[in-house]
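So the structure is just underneath, and the comments pick up after that.
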Amino acid sequence: MTTPTTDDRPGLIDARPVPHPGRWVALAIIVILIAMMISSFVTNPRWDFAKAFEIMVQTPVLEGLVKGTIVGTIGAMVIGIIGGVLIAILRLSTNPVLRGVSFVYTWFFRGIPRLVLLAMIGSGIGFLYSKVDFGVPFGQQFASWLGLSQDFTFFTLNVNQFSSTLLAGIVGLGLSEAAYMAEIARAGILSVDKGQAEAAAALGMSRGKAMRRIVLPQAMRVIVPPTGNEAIAMVKDTSLLSAIPIITELFYQTSAIGNRTLLIMPAFVAATIWYLLIGSVMMVGQYFLEKRFGRGFGTKPTNKRFARPAGAGGA
Amino acid sequence: MTTSDSTPTGDGQPLVRALNVMKSFHGNEVLKGIDLDVERGQVVCLLGPSGSGKTTFLRCINQLESIDGGRIWVDGDLVGYRDDKGQLHHLNDKQVAAQRREIGMVFQRFNLFPHMTALENICEAPIQVRGVDRKKARERALDLLKQVGLGDKPAAYPAQLSGGQQQRVAIARALAMDPKLMLFDEPTSALDPELVGDVLKVMRDLADQGMTMIVVTHEMGFARDVADHVVFMDGGVVVEQGRPADVINNPQHERTRSFLKRMRTEDEEAAADAAAAAEG
Ligand SMILES: Nc1ncnc2c1ncn2[C@@H]1O[C@H](COP(=O)(O)OP(=O)(O)OP(=O)(O)O)[C@@H](O)[C@H]1O
Ligand SMILES: [Mg+2]
């Protein structure tokens, strides 16, 4: 090649783009597949979307959707997130006892399947302890030794009644979720530069305040995306509530109708559409949360140059 | 706090007194008995080669590091401990925080809170720690921003500011707590050369207003013009200290001499580079 002379000054660039024939082939294949799918929806009467839409809005289905699935998800995630952050803070504490507690918690609740946990809460615990008394530790034992009439019990929970409620299911899912959220929160907290906590400490902030005001808000940037994932997974896991057993829950109700009316596939389609709708709404929510906690991180940091390392070693 | 009779500082006495301060990291002795007095209103510059323990010493003064030996007093209070008839007791977290809020610190890498605007960065500690009324804190913060030449930037997030602007916000943030003492750890060494001057000017103004300052720096010009006292550290000990004119222009120790010579060559190189860049 020869370099042209400088008298011939190049003008504006008008270049052809790099050809991408593969994209066009892929597009053609996808269009054909979609056309085939739509045609099957229309021509195969067993899909029966009209019935599916009918099932979607039946009262027991709507009740199951709101109570078991939506309230269940929100409740379990609230417990999971608050519990998870607390466990993560314990895990990062300087106190070895607290660190140990946090480790054992995560080990246990991450280790057992949610289905097993819920089944255990539903029937097992009530079998072991039919009621739980809240009071002074060993107060009843001391009272019977000493022959006292007062046994230091302030409040009694009837486990058999509680264990089959939606609340018990929510607590079960929440406890399990907290174990996963703890790891997510821990990663988020560790992602914040150590200098942030030091700057807060140097201003005289207590460790708790530095965590709440400075570290956690920055950790949220890392915590929110996987938490969105967890929340969407939780929507689906509320279908496990039937192990408690709680039947006011979306999947149980749709499949019950399907079995009764022999509209098996439309019932599954009805449940699928609801799950997809909830998931879509949550993705929108996640987008706004990410924007909120991304404040101040939008623009690229200015180029910080670490000038001249101090004296020694330099020639 | 009460001052016990063994306290070596108080009114009319040094604001900071360090005696035989020792610190090791995993058996690596970094400070080997540092003695230093800082009088009220004085500007003390700490010089020394990399790894000599300057940062560590500053961090010990506001307890970002604990010390293994010796004592530090700030304004008559023993730092980090309570002295009960010769027996030391660790202070609890709350007491440590109370001591720290009287000391402002400026970091090499600014450490502004990135999720808050410049104004929020400055208001945060007065509101959260001192319980200052929100409106008053904002007014004060705006004044401080003006003082550091950033009156037009209250709503900017740190990422939208240049390094020099960020460092000036960081200084304003520390000043908002009305500290008795300001610690600066190489405040300009992470900055592009053309941004250094603005930060040094803010520090000069502060010195003129009578703030007591301990400044770790490699800016010889600043040390010569602004410092009342210069301390040269090497290998975890104070090698020599005195008035800037004496230490910088007429060093007594070989180690000081060779360090200053190296700094001078680098300064000249930097000046030559700048001149070359200006021509090119
Ligand atoms: N947290 C730490 N853990 C282990 N060693 C450390 C720690 N902090 C500092 N050191 C060591 O202590 C020594 C002194 O470090 P220091 O940062 O105080 O030096 P400096 O004088 O500030 O140096 P520079 O001019 O490079 O900033 C170094 O050898 C360093 O490796
Ligand atoms: Mg340093």
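The values are calculated or read from the model by the stated rules, or taken from the named source; none is laboratory data. All values derive from a computational prediction rather than experimental measurement. Every residue, glycine as well, gets a Cβ built from its backbone with ideal geometry; the counts of neighbours run over all protein chains shown. For the accessible areas, the whole protein counts, side chains as well, though only heavy atoms, and no ligand, DNA or RNA atoms are used. Shrake-Rupley method; radii C 1.70, N 1.55, O 1.52, S 1.80 Å.
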Search region B:226-255 for residues being part of a helix (DSSP H, G or I) and more than 11 Å from chain A (Cβ to nearest Cβ), and hand back the single one that is nearest to residue B:209 (Cα to Cα). B:226
For region B:112-144, give me each residue that is facing chain A (nearest Cβ under 8 Å) and under 16 Å from residue A:208 (Cβ atoms). B:124, B:125, B:128, B:129
Here, helices (runs of 4 or more DSSP H) confined to region A:66-128 with at least 2 residues that are surrounded by fewer than 19 Cβ atoms within 10 Å (Cβ to Cβ) and aromatic (Phe, Trp, Tyr) are A:96-111
Within region A:67-77, is even one residue within 28 Å of residue A:236 (Cα to Cα) and without any contact (Cβ under 8 Å) to a residue 12 or more places away in the chain? yes
Just for region B:51-104: of the residues that are within 16 Å of ligand 1 (Cβ to nearest atom) and among the basic types (Lys, Arg), which one is surrounded by the fewest Cβ atoms within 10 Å (Cβ to Cβ)? B:59
Determine which member of the set B:223, B:274, B:172 is part of a helix (DSSP H, G or I) and open to solvent by 50 Å² or more (accessible area, probe 1.4 Å). B:274
Residue B:195: passes all of (1) more than 9 Å from every other protein chain (Cβ to nearest Cβ); (2) part of a helix (DSSP H, G or I); (3) surrounded by 24 or more Cβ atoms within 10 Å (Cβ to Cβ) but (3)
In region B:45-100, residues that are of a type in the set (Gly, Ala, Ser), within 16 Å of ligand 2 (Cβ to nearest atom) and in contact with a strand residue (DSSP E or B) (Cβ under 9 Å, 6 or more places away or on another chain) total 4
Does residue B:109 qualify as being within 14 Å of chain A (Cβ to nearest Cβ), within 19 Å of the chain's Cα centre (by Cα) and either within 16 Å of ligand 1 (Cβ to nearest atom) or not hydrophobic (A, V, I, L, M, F, W, C) (or both)? yes
Contacts under 7 angstrom Cβ, first residue in region B:30-48 being closer than 16 Å to residue B:218 by Cβ, partner among the hydroxyl-bearing types (Ser, Thr, Tyr) and surrounded by 23 or more Cβ atoms within 10 Å (Cβ to Cβ), 6 or more apart: B:45/B:217
On the given criteria, is residue A:252 at pLDDT 95 or above and farther than 30 Å from residue B:66 by Cα? no
